[in-house]
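One structure is given below, encoded as structure tokens.
The values are calculated or read from the model by the stated rules, or taken from the named source; none is laboratory data. From a predicted model like this one, the values you see are computed outputs, not experimental measurements. A quick note on method: Cβ atoms are made from the backbone with ideal geometry, for glycine too, and the neighbour counts reach across all protein chains shown.
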Amino acid sequence: MFHVITGGSGSGKSEYAETMITEYAACAGNLYYVATMMPYDEETKEKIKRHRQMRLGKGFQTIECYRNLRSGMEKGFCGAKNCEMSVLLECMSNLVANELFAGENPLANVADPIMEGIEFLRKKCANLVVVTNEVFSECAQDSPEMAQYKAVLGEINRRMAQAADQVTEVVYGIPVRADLAGRRNNYDTAVREKIQGKIVEKKRQEAAGMRMVIGGAYQGKLDYAKKLYPGVHWIDGRNCKGQEVYICEGIYHLEAYIRRMLQGEFDRTDGEEGEKFCRELVEKNPRLCMITDELGYGLVPVDAFDRRYREETGRICTRLAAASERVDRVVCGIGTVLKGGEQADEDRA
């Protein structure tokens with residue numbers, strides 16, 4: 001069993017992951033915990049202490065591995081027989097940060113060697129649980145280093161999810177998407193069947209209303225939308241012209257378009273940018289496909305404009321979702337239908 005668990009800060013994903021790996025270990029013993037957090041200051045030392053207390057008495061053997069996952073695991077599990085171990089790795093977000101920024105020789109290519117280490121563990125273990133982090137839904141502008149970090153972590157999360165038997169997102173201690181990977185094959189089959197033939201696709205496009213794909217940054221939303229809606233010509237909200245959104249087939253980075261609008265780039269000065277924009281967009285482009293980053297997670301921004309931007313983007317996307325025929329959310333490259341679509345109908349049945 002390869003199980004990927006994601007969630008926001010303080011979401012309860014660590015406790016959930018420990019519960020899952022101990023249940024798996026009931027069938028395959030030798031329980032291991034691979035710790036990736038470096039104890040570099042008092043805050044991290046306190047976090048490590050708290051996690052050790054959580055693991056106390058559960059039978060974990062701890063292996064510290066801050067970088068070079070493959071070689072670290074080969075040393076840590078030297079002599080151990082295959083398929084006699086259940087391993088919890090926590091967490092991927094720390095490992096990526098260590099490889100990118102810690103040490104004298106940070107890796108230039110981080111994703112491939114980390115995935116080599118994951119593949120080694122998959123072959124070595126009967127059960128592998130990897131905890132990662134949802135850090136992709138902040139509204140503040142990223143530094144180049146943070147953008148690089150998010151891009152690498154997003155790629156690794158997607159690659160792990162594609163290989164995983166199960167992917168779970170934990171929200172406030174609740175495993176709300178425990179069936180993500182399990183539904184993937186059926187969902188992909190349904191999509192392929194829907195889009196077979198130009199005539200079928202043309203009729204479906206003509207009958208469709210607005211469609212929206214949402215999720216954190218670097219989650220694979222555009223690739224997902226291109227498979228779901230083939231043939232759509234997409235414009236980029238980061239650099240398109242203001243009026244293009246009213247005539248285009250699809251727009252990605254809608255959140256960036258909204259930011260530009262609020263900054264006055266499109267000469268909207270009536271103080272009702274959001275409400276008026278939604279009304280005009282629904283009237284003028286009722287079959288628009290939209291892709292947007294979720295921005296409402298994380299800390300409330302200190303900057304007044306960023307606070308307004310986050311709130312206004314949320315309100316606009318809420319209105320547009322209400323006007324949409326279908327809304328999908330993408331996590332780690334895997335889509336879940338939130339509104340409309342055959343899968344959503346099955347969920348309600």
Within segment 132-149, residues under 12 Å from Leu295 (Cβ atoms) and either part of a helix (DSSP H, G or I) or among the hydrophobic types (A, V, I, L, M, F, W, C) (or both) come out as Phe136, Cys139, Ala140
Taking segment 286-310 and keeping only residues that are surrounded by 16 or more Cβ atoms within 10 Å (Cβ to Cβ) and either without any contact (Cβ under 8 Å) to a residue 60 or more places away in the chain or of a type in the set (D, E, K, R) (or both), one is left with Asp293, Glu294, Asp306, Arg310
With criteria (1) in contact with a strand residue (DSSP E or B) (Cβ under 7 Å, 6 or more places away or on another chain); (2) in a helix (DSSP H, G or I); (3) not hydrophobic (A, V, I, L, M, F, W, C), Glu46 comes up short on (1)
Picking from Ile258, Ile174, Ile235, the residue that is modelled with pLDDT of 50 or more and not assigned by TED's automatic domain parsing to the domain that holds Leu338 would be Ile174
Condition set farther than 15 Å from Met85 by Cβ and in contact with an Asp or Glu (Cβ under 8 Å, 6 or more places away or on another chain), scope segment 116-140, selection modelled with the highest pLDDT: answer is Val131
A careful count of residues in segment 125-141 that are within 13 Å of Ser14 (Cα to Cα) and more than 12 Å from the chain's Cα centre (by Cα) gives 3
Val131 passes all but one of the listed conditions (1) touching a Ser or Thr at 6+ places or on another chain (Cβ under 7 Å); (2) surrounded by fewer than 17 Cβ atoms within 10 Å (Cβ to Cβ); the exception is number (2)
| query | Can you find a residue in segment 29-38 that is modelled with pLDDT under 85 and exposed (fewer than 15 other Cβ atoms within 10 Å of the Cβ)? | reply | yes
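Taking segment 312-333, which residues are of a type outside the set (A, V, I, L, M) and more than 21 Å from the chain's Cα centre (by Cα)?
Going through segment 312-333, the residues of a type outside the set (A, V, I, L, M) turn out to be 312-315, 317-319, 324-326, 328-329, 332-333.
Of everything in segment 312-333, those that are of a type outside the set (A, V, I, L, M) and more than 21 Å from the chain's Cα centre (by Cα) turn out to be Glu312, Arg315, Arg319, Ser324, Glu325.
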Taking first residues from segment 219-237 that are at positive phi and in contact (Cβ under 8 Å) with a residue 40 or more places away in the chain and second residues anywhere that are among the basic types (Lys, Arg) and part of a helix (DSSP H, G or I), the pairs with Cβ under 6 Å that are 6 or more apart or on different chains are Gly220/Arg158
Checked segment 49-74 for anything of a type in the set (Asp, Glu) and either outside the structural domain of Val129 (by TED's automatic domain parsing) or assigned to a helix (DSSP H, G or I) (or both); matches are Glu74
